[in-house]
Amino acid sequence: MFVCLCYQVTDKDIRHAVSEHGVGNMRELKQHITLGENCGKCISMAQALIDDQIIDEGLFKDVG
């Protein structure tokens, strides 16, 4: 799904940035992906995706 329509950023793009680049907040995400600079409506959803991805990865690491 599109998170940022202004820059065509998807949830997969954000999840990839978290898992591959260790992104943990919006400041770090903006170093890898351009988003949130026009209307800003995507900021809260992008941060929620970052948080969810971090939690999911943390749970999987504890299982093994």
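Taken together, the values in this text are just the output of simple stated rules run on the coordinates, not laboratory data. Everything numeric in this text was worked out from a predicted model, so none of it was measured. Note: ideal-geometry Cβ built from the backbone for every residue, glycine included; neighbour counts use all protein chains shown.
For this structure, a couple of remarks:
- The orientation-averaged projected area of the convex hull spanned by the Cα atoms of the chain comes to 4.0 nm².
- For the stretch 47-58, the Karplus equation 6.51 cos²θ - 1.76 cosθ + 1.60, evaluated at θ = phi - 60°, returns couplings of 5, 5, 5, 4, 4, 4, 5, 5, 5, 4, 5, x Hz by residue, with Gly and Pro reported as x.
- Residue (of G24, L35, L49) at the positive-pole extreme of the chain, dipole from beta-carbon charges: L35
- Distances between placed amide hydrogens fall under 5 Å for V9 paired with V3, C4, all partners being 5 or more residues away or on another chain.
- Computed on the chain, with alpha-carbon pairs under 8 angstrom and 6+ residues apart, the relative contact order is 35 percent.
- Packing order of peptides 21-27, 46-52, highest average first: 46-52, 21-27 (average count of other Cβ atoms within 10 Å over each peptide's residues).
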